[in-house]
Amino acid sequence: MFEIKIIFTSPFVLIMTETKQHKIINRKIIKIDEELCTGCGNCIVDCAEGALKIIDGKARVINDVFCDGLGACISGCPEGALEIIEREAVEFDEEAVEDHLESMKHQEKEELKQVKQIVTEHAHQCGCQSAKTMVFDEPETQSETVSGKIPSELRQWPVQMHLINPRAPYYQGADVLLAADCVGFSYGDFHRDFLKQKSIAIACPKLDQGKEVYVEKIKALIEDSKINTLTVAMMEVPCCGGLLGLAQEAAKRANRKVPIKYVIIGVQGNILKEEWV
C-alpha cells in the first residue's frame, strides 16, 4: 500500500485529485511502442477512460490508474503500436477515472476560453481575414428569373457534424457536401449549385471543438455508408482550409477510396477555385 497523487497539467490549467491508497498488482495494461506511434490520436478517441494523451507527438498512458487493460484503443491504431502486456502496475480505479473525466471536461472548457481569447486578440492585431470587419457594395439589381419562393434543396436533418449519424440512410451511396458554416451565407446560389441532390454535413474548422471526431465521422461516411463523392466547400480565409485537411485525413485512414473535390468561395460570394484532389 502506498499513496499516489495524480496530477494533470496543460498550458492553462493545473488540476489535482485527492490522495488515495492504491495497490500495485500484476495485471494487464497497455504498452505503446513509441517508434511505431505516429501520434495520430485514434487511440485517444477509442479510450473511454481518458487514460491516453498525445505528449511530444506520441501517445502515452498518463497514469496506470486510468487504464483498464481491456484494449479498446488497440483496434484503431493504424501502425500496430499498441499491445496488451502483463506487468506490475497500480490497480485500475474506476472512481479515479470518473474524477479524471470530470476534470477533463473542466479543463477543456478552460482551454477553450483561453484559445478563443488568444484567437480574438490575434485577429485584431494581425487583421486576420476571418475576423476582419468588411463592408461590401450593394449588388447590382438583377431581373427576376424565378417567380415565387425558391424551394430548399435540403433533404435531411440534422446537418451539423457533431450531430449527424454518418451511417444514416440518406448518406448511403450518396454524393456528400461537407461545407464550412459560412459558405451557405456567402454563396447566393448555394442550394441550387451545391446542395441539390446531395446529402450535407456542416462544420467550422476554426471554432468547433472535437475535430478528431469529425475525422472519424468522415471516415465512416466513406467506409460504412460508401458515399459516392465528397465535395468540400470552404471559404477563402486561411483557417477554413482545415476542413479540407480533415477530409483528406479521413480519406487517408479509410480502407475505401472516394473522389474528393474542393471549392473555395470568396468572402463576396464568388467561386475562386474548384478542383478534384
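The values are calculated or read from the model by the stated rules, or taken from the named source; none is laboratory data. Everything numeric in this text was worked out from a predicted model, so none of it was measured. Please note: Cβ atoms are built from the backbone with ideal geometry, for glycine as well, and neighbour counts cover all protein chains shown.
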Study note, to complete from the structure: Picked from the range 262-277 (must be touching a Ser or Thr at 6+ places or on another chain (Cβ under 8 Å) and surrounded by 15 or more Cβ atoms within 10 Å (Cβ to Cβ)), the residue farthest from PRO238 (Cα to Cα) is GLY269
Review point. Out of LYS252, LYS226, which single residue is under 25 Å from VAL45 (Cβ atoms), without any contact (Cβ under 8 Å) to a residue 40 or more places away in the chain, outside the structural domain of SER75 (by TED's automatic domain parsing) and exposed (fewer than 15 other Cβ atoms within 10 Å of the Cβ)?
Key: LYS252
Practice item. For residues that are out of contact with any strand residue (DSSP E or B) (no Cβ under 7 Å at 6 or more places or on another chain) and buried (at least 17 other Cβ atoms within 10 Å of the Cβ), scanning just the range 229-247, find the one that is nearest to VAL176 (Cα to Cα). Key: LEU246
Check your understanding: Filter the range 52-67 for residues that are more than 19 Å from the chain's Cα centre (by Cα) and at pLDDT 85 or above; which is nearest to GLU34 (Cα to Cα)?
Key -> ARG60
Practice item. Working carefully through the options ILE85, ILE29, find the one that is crowded, with 19+ Cβ neighbours inside 10 Å, touching a Lys or Arg at 6+ places or on another chain (Cβ under 7 Å) and either at positive phi or not in a loop (DSSP other than H, G, I, E, B) (or both). Key: ILE29
Exercise for review: Looking only at the range 32-65, count how many residues are of a type in the set (Gly, Ala, Ser) and not in a loop (DSSP other than H, G, I, E, B).
Suggested key: 1
Revision key, fill the gap. Restricted to the range 163-189 and to residues being touching a residue at least 24 places away in the same chain (Cβ under 8 Å) and over 22 Å from the mean Cα position of the chain (by Cα), the residue surrounded by the most Cβ atoms within 10 Å (Cβ to Cβ) is TYR187
Point to revise | Failed condition for LEU112, given (1) modelled with pLDDT of 90 or more; (2) under 30 Å from PRO238 (Cβ atoms) | key: (1)
Check your understanding: Taking interchain pairs and intrachain pairs at least six residues apart, which have beta carbon atoms under 6 angstrom, with the first residue in the range 257-277 and in contact (Cβ under 8 Å) with a residue 24 or more places away in the chain and the second of a type in the set (S, T, N, Q) and outside any loop (DSSP other than H, G, I, E, B)?
Key -> PRO259/THR229; LYS261/THR231; ILE265/SER186; GLY269/SER186
Exercise for review: State the number of residues belonging to the range 186-242 that are closer than 13 Å to ILE265 by Cβ, β-branched (Val, Ile, Thr) and at pLDDT below 95.
Suggested key: 1
